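Single-structure report; data block below.
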Amino acid sequence: MSINTLNHFDSLKLSLKHIKVSLIAGMGFFTDAYDLFSITIVLYILSVYPEHSFPLNLKILSLPLSAYLATSAILFAIVGQLLFGIISDKLGRKKVYGLEAALLALGAILSAFSPNIYWLIASRALLGVGIGGDYPVSSVIASEYGNAKDRGKMVALVFSNQGLGIIAAVLVGILSALFIPPSIAWRTVLGVAAIPALAVIYFRRKMPETPRYSYHVKKDLNELKKAAEYFGIQSNYEISQKGIDMAQKKTSSFSRFIKNYWKPLLITTSTWFIMDIALYGTGVYSSFITSTIVPKLMEGTLSKAILISGLPYIVGLPGYFSAVALIDRVGRKALQIAGFVFMAVIYFLTSFTLQKLSDPLIAFSLFAMSFYAINLGPNTTTFIIPSEIYPTNKRSTGHGISAAAGKLGAAISTLYMPVWRITYGLPLIFLGLGLLSLAGVVITTYLQEPKGVPLEIISNEMQVLA
């Protein structure tokens, strides 16, 4: 028994078609990142210019409201990740692809025209469902289209758009602050997110179903041929996979999936949870952490303050592309361990510098460098690994659960970071993040390396085949 049908896809050389798939999937992540991290700019504008927040006599953005606003999209991203993960496995990747982008666009438009803080929180919640839905679907599409040699690079390219989206949020924030009154600037920052989301819907709807879903789950010869033609593969196919059918039945129910895959699921959920506590806790509140470490640098115009608070994101941007270059060379496991170690060292040094040294620029430089470390390692690898190690009929579900665990960590740190900052102070916060990073190192050592291995083997879909 063999699966030569899919060997054609695994043995393909990296081509422009692969890059096109990554770009179509990645544009959603550009929007996701823009939406999630532009809120730090909006929070800063509303806190500095409360009189320009809303026309309904809301003169101050209180701490609980600011925390709810910062967290609403993240919390509802959990809903989107779980919901779209399950639906994508039930109905197919193509059936739902584009719907999450439509939700992103609608949420962005409603956010920009919010008449009050409660409408804005609700609009961000709708946007969060779209953000969450993009995680399992886009990652799995890139993974299932990828060849064995370059699969990690393809999925990493999708995720690298997060860095570009974050930088775009900083640039739009700066331009809005320079040329638009504060009362409109924050609305502009939120509304611009609808543009890339709307632009990508057409291309996502035109993509054929992935070859692996067509083959293993849908068993649709026509869909499989469309995927093959998309990559210029000419061959005859037969869908007669008794062994694969048996393997799929072993994970057909959710309880059987948990029984067979609880160990890798524990690894992917816990490492993503740890990573997002660090990333979102420091990322969403970057402007406030920066103003605490280097308050003098934040003085002056609003555009200058946005630029300074965005410097950590700019420093972190090369980390995404370093991961793209290294992921298929050193492997996911090694890169994730190295990233967590790098993070721990930087967080410990930042904590020490804030307590013992009087030079705030050193502490700020270390804080900025932490974003490079996290993007080089676990921020990228935790996204890639769940798209590879689960069987086809539960791959999107497994990724959705893992991503939802990450967003749970993000929601906790985003909701409580303002309180932690006041109660414990930044030195103790960075010390705690360093310890969490070390825990990520330990957990990652139990990971099975997926580098260069066909998805059917790494996910154990071949376990019943003779």
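Of note:
- Count of region 81-111 residues which are more than 17 Å from the chain's Cα centre (by Cα) and over 16 Å from T31 (Cβ atoms): 11
- Every pair of residues 6+ apart whose Cβ atoms lie under 7 Å, when the first sits in region 1-12 and is more than 12 Å from K225 (Cα to Cα) and in a loop (DSSP other than H, G, I, E, B) while the second is of a type in the set (D, E, K, R) and at pLDDT 85 or above: I3/E456
- Taking region 120-150 as the range and being closer than 13 Å to S22 by Cβ and out of contact with any Lys or Arg (no Cβ under 7 Å at 6 or more places or on another chain) as the test, the residues that pass are S138, S139, A142, Y145, G146, N147, D150.
- Test: residue in region 334-357 that is without any contact (Cβ under 8 Å) to a residue 60 or more places away in the chain, of a type outside the set (G, A, S) and within 20 Å of P264 (Cα to Cα): yes
- Taken over region 203-234, the residue count meeting the criterion of being surrounded by fewer than 21 Cβ atoms within 10 Å (Cβ to Cβ) and in a loop (DSSP other than H, G, I, E, B) is 8.
- Filtered residue count, region 269-314, keeping only those that are in a helix (DSSP H, G or I), among the polar types (S, T, N, Q) and farther than 20 Å from L433 by Cβ: 1
- Within region 354-395, the set of residues being of a type in the set (F, W, Y) and surrounded by fewer than 24 Cβ atoms within 10 Å (Cβ to Cβ) comprises F364, Y372.
- Hey, L317 closer than 21 Å to P295 by Cβ and either of a type in the set (D, E, K, R) or in a helix (DSSP H, G or I) (or both) or not: no
- Of residues in region 418-456 being of a type in the set (S, T, Y) and in a helix (DSSP H, G or I), the one farthest from G331 (Cα to Cα): T423
- Residue within region 207-223 that is of a type in the set (S, T, N, Q) and free of Cβ contacts under 8 Å to residues at least 12 places away in the same chain present: yes
The values are calculated or read from the model by the stated rules, or taken from the named source; none is laboratory data. Please read these numbers as outputs of a predicted model, since none were measured by experiment. All Cβ positions, even for glycine, are placed from backbone atoms using ideal geometry, and neighbour counts span all protein chains on display.
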